[in-house]
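All remarks here apply to the structure that follows.
The values are calculated or read from the model by the stated rules, or taken from the named source; none is laboratory data. Just so we're clear, the structure is a prediction, and the values are computed from it rather than from any experiment. Cβ sites come from the backbone with ideal geometry, for glycine too, and all protein chains shown count toward neighbours.
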Amino acid sequence: MIKRISKFVKQFLAPHLFWLGISILTGIVAAAASGMGVPFIVKFVFPVVFHQSGQPEPELMALIPSLRDVPASSLLLMACASLPLIFVIRGLALWLNSVVVNILGLRILEGLRIAVFHHVQQLPLAFLEGRRKGDIVSRIVADSQNVQEVLSHISNDLVKQPITCVCALFAFIYLLISVGRWEIFLVILFIALAAWPIITFGKRISQKARSAQDDLGELNTVVQQNLETQREVRAYALEERQIADFDSVSEGYCRNTVKLVKYQRAIIPIMESVTALALSFLLVCGSICGMQLSDFMALAAALFFTFDSMKRAGQAFNRLNEAQGSMTRLAEILDEPNTIDDPVNPLSFPKQVKGDITFRNVTFAYDTGKPVLRNINVHIPAGQIVGLVGPSGAGKTTFASLLPRFYDATEGSVLVDGVDVRDVTRHDLREQLSIVGQQALLFAGTIRENIELGRKGASGEDIAAAADSARVNSFLATQPKGMDTMLGQGGAGLSGGQRQRVAIARAFVKDAPILILDEATASLDAESEREIQEELDSLAEGRTTLIVAHRFSTLRNAHRILVFDHGCIVGDGPHDVLYASCPLYKELYDRQGAVVTAEHER
Ligand code: ADP
């Protein structure tokens, strides 16, 4: 944890060193004003105020001889003003300290939150696929919020209390030396006793806080999944099961939070009892030694401030322990290595590549370690339209996913125009590709904005032309504001076919030389598929195109077909050749042909 915290400090605190310095300075002023100011006023100023003629001269006169010349009335005024003056200084320093620490906390956290989100954008897809999204949301939003809340709660105490404790302890030892009663020094033992609950409970608090935040992440996941799958939940009457899942996670969260509160709240009563014990010990020693009241009061004040600041520092320390769970959860994302990173010295592509693709000795395995592509060797010349067919799970989508570097080949290499895709930046590589997937995922925004995502800054004419080519216009008339109609999250408000048209228009606007159609019409009905197919054909024209085919009807324009089986290419050629020479292809084709015929007959 120390290593992690120092990493955080280095990364996020470095730009704010000036304000950190201010917060420490104001903390020292506030701490000195309370830890030393009050005991020293009691010890040195009060005797001046209550001095009676005939009594020995107050110590302050001996320390500052020039005070002997000050008239008694002015001396009294100065003495009385010293207490409010100390508290005004303390108050100002405290206010400034608290504001600066809060700002610092917010800034650091903002940096942390942005860094985590930024890192998530860079991480390989495999990272996201292996995790529950609700948990990641919880880490970025709830955990950073938790750290922020803790910081703002303890901002008053974080710097000030430890320094107050040191100052008060210093004042106590100084007063002890001036009184000269060494047995009182035993009071220090109580301080050690008071430190015990802070240290012991700290570890448990950190563990429970971590468990509570994990539960919160799980809770988020359950809610998110539930909301995303409401149709299925209702269709399969899964409500009871979902409620039971939610209840169980929610209960775990409550249990851990209660334990957390139990440990947190135990510290104050223990510390206050120890303080009372130490003060009565001081009282006993004072009475046995025949100590003067002003000495006793000064020592008691110093002792009180020592324990009080220790208690508050302990509370702050434990809140920090509470935040440690959240910090660790955030750090875990930041520590996640980016295995699909840009090269140190990237090669550059021309503005538009030709689109020549080569898979050379490519073997690929997901995290499970089992190869799903085995020693693939294939060359696709620029402009060729290639269909990928094969049984479900044969490796077609994985094959197409290696091109945009969603994953990197475990062995071998993927080349575009003779350049290894790992030798250019991911941005440059993905600029050369358009992908139209099974589900057209649209963002919340207007239809125009969704098309423009294909190429930032695309002109109005380009967008209109792309919309025309994808025949988005065919349904614009039914939209309340045409191209400026706002869509909900995921494109809510449009039918599947309409969404797919917007996605195709986006690819038209991008005008990339390589196109991947990953079962682009699989989720559409036969009617919509037939309509969309024409737009897809015109989109593919002149581009190197990989079509992950679910239906053979989508391959009518393919120059060539690759047949996948168990991660290997078992057939490669045009339809006629494959139908005659590749038994698997013939079987798949005939089986679908039969289905198509049966549908027609019905
Ligand atoms: P296809 O597109 O031919 O249906 P895929 O390329 O999707 O096949 O999958 C090939 C194999 O890889 C399958 O056995 C599938 O279970 C496995 N697979 C696909 N995606 C992942 C993943 N993200 N993690 C682990 N295994 C995966």
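Could you please find all residues in region 412-463 being of a type in the set (Ser, Thr, Tyr) and either under 22 Å from LEU347 (Cα atoms) or in a helix (DSSP H, G or I) (or both)? If the condition is that a residue be of a type in the set (Ser, Thr, Tyr) and either under 22 Å from LEU347 (Cα atoms) or in a helix (DSSP H, G or I) (or both), then SER413, THR425, SER434 are the ones that fit. Among residues that are buried (at least 17 other Cβ atoms within 10 Å of the Cβ), assigned to a loop (DSSP other than H, G, I, E, B) and more than 16 Å from the ligand (Cβ to nearest atom), GLY325 is not included.
Yes or no: ALA400 hydrophobic (A, V, I, L, M, F, W, C) and in contact with a helix residue (DSSP H, G or I) (Cβ under 6 Å, 6 or more places away or on another chain)? Answer is no for this residue.
Yes/no matrix, rows are residues, columns are (1) assigned by TED's automatic domain parsing to the domain that holds GLN122; (2) of a type in the set (Ser, Thr, Tyr); (3) farther than 17 Å from VAL509 by Cα:
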| residue | (1), (2), (3) |
| --- | --- |
| PHE399 | no, no, yes |
| PRO404 | no, no, yes |
| TYR407 | no, yes, yes |
| VAL414 | no, no, yes |
| ALA444 | no, no, yes |
| GLU449 | no, no, no |
| ARG455 | no, no, no |
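Would you be able to say whether some residue in region 257-273 is within 26 Å of VAL101 (Cα to Cα), without any contact (Cβ under 8 Å) to a residue 60 or more places away in the chain and not basic (Lys, Arg)? Checked region 257-273: at least one residue is within 26 Å of VAL101 (Cα to Cα), without any contact (Cβ under 8 Å) to a residue 60 or more places away in the chain and not basic (Lys, Arg). In region 391-412, the residue that is nearest to PHE552 (Cα to Cα) out of those that are out of contact with any Leu (no Cβ under 8 Å at 6 or more places or on another chain) and within 6 Å of the ligand (Cβ to nearest atom) is SER392. Checking region 449-471 against the condition returns no match, with no residue being in contact with a Ser or Thr (Cβ under 6 Å, 6 or more places away or on another chain) and surrounded by fewer than 22 Cβ atoms within 10 Å (Cβ to Cβ).
If the condition is being in contact (Cβ under 8 Å) with a residue 60 or more places away in the chain and closer than 22 Å to ALA14 by Cβ, then region 114-139 contributes ALA115, VAL116, HIS119, GLN122. Candidates in region 359-390 are the residues that are in a strand (DSSP E or B) and basic (Lys, Arg); of these, the one that is farthest from VAL570 (Cα to Cα) is ARG360. In this structure, does GLY493 turn out to be surrounded by fewer than 19 Cβ atoms within 10 Å (Cβ to Cβ), assigned to a loop (DSSP other than H, G, I, E, B) and in contact (Cβ under 8 Å) with a residue 60 or more places away in the chain? In short, no. Inspection of region 208-219 identifies no residue that is free of Cβ contacts under 8 Å to residues at least 24 places away in the same chain and surrounded by 14 or more Cβ atoms within 10 Å (Cβ to Cβ).
The residues in region 357-390 that are closer than 23 Å to ALA126 by Cα, near the ligand (Cβ under 9 Å from one of its atoms) and not hydrophobic (A, V, I, L, M, F, W, C) can be counted, and the count is 4. Just give me the residues in region 109-120 being β-branched (Val, Ile, Thr) and either surrounded by fewer than 15 Cβ atoms within 10 Å (Cβ to Cβ) or out of contact with any Ser or Thr (no Cβ under 8 Å at 6 or more places or on another chain) (or both), in sequence order. Of everything in region 109-120, those that are β-branched (Val, Ile, Thr) and either surrounded by fewer than 15 Cβ atoms within 10 Å (Cβ to Cβ) or out of contact with any Ser or Thr (no Cβ under 8 Å at 6 or more places or on another chain) (or both) turn out to be ILE114, VAL120.
Among the strands (runs of 3 or more DSSP E) confined to region 513-588, the ones with at least 3 residues that are surrounded by 20 or more Cβ atoms within 10 Å (Cβ to Cβ) are located at 514-518, 544-548, 560-565. Tell me, please, whether a residue that is under 19 Å from LEU403 (Cβ atoms), within 16 Å of the ligand (Cβ to nearest atom) and in contact (Cβ under 8 Å) with a residue 60 or more places away in the chain can be found in region 344-352. No; the residues of region 344-352 include none that is under 19 Å from LEU403 (Cβ atoms), within 16 Å of the ligand (Cβ to nearest atom) and in contact (Cβ under 8 Å) with a residue 60 or more places away in the chain. Only one of the listed residues (LEU92, LEU106, LEU128, LEU123) is of a type outside the set (S, T, N, Q), surrounded by fewer than 15 Cβ atoms within 10 Å (Cβ to Cβ), more than 10 Å from the chain's Cα centre (by Cα) and within 16 Å of the ligand (Cβ to nearest atom). That residue is LEU128.
Among the residues of region 24-80, the ones that are surrounded by 11 or more Cβ atoms within 10 Å (Cβ to Cβ), assigned to a helix (DSSP H, G or I) and not aromatic (Phe, Trp, Tyr) come to 34 in all.
Hey, any hits in region 65-72 for a residue that's of a type in the set (D, E, K, R) and under 30 Å from GLU332 (Cα atoms)? For region 65-72, residues of a type in the set (D, E, K, R) and under 30 Å from GLU332 (Cα atoms): absent. Return yes or no: is SER211 modelled with pLDDT of 85 or more, small (Gly, Ala, Ser) and assigned to a helix (DSSP H, G or I)? Answer is yes for this residue. Is it the case that some residue within region 155-168 is modelled with pLDDT of 85 or more, out of contact with any Gly (no Cβ under 6 Å at 6 or more places or on another chain) and among the hydrophobic types (A, V, I, L, M, F, W, C)? There is at least one residue in region 155-168 that is modelled with pLDDT of 85 or more, out of contact with any Gly (no Cβ under 6 Å at 6 or more places or on another chain) and among the hydrophobic types (A, V, I, L, M, F, W, C). Look at LEU94 and say whether it is modelled with pLDDT of 80 or more, farther than 25 Å from ILE163 by Cα and assigned to a helix (DSSP H, G or I). So LEU94 does not fit the description; no.
Before we move on, is PHE201 surrounded by 17 or more Cβ atoms within 10 Å (Cβ to Cβ), of a type in the set (A, V, I, L, M, F, W, C) and within 16 Å of the ligand (Cβ to nearest atom)? When the stated conditions are applied, PHE201 does not pass them.
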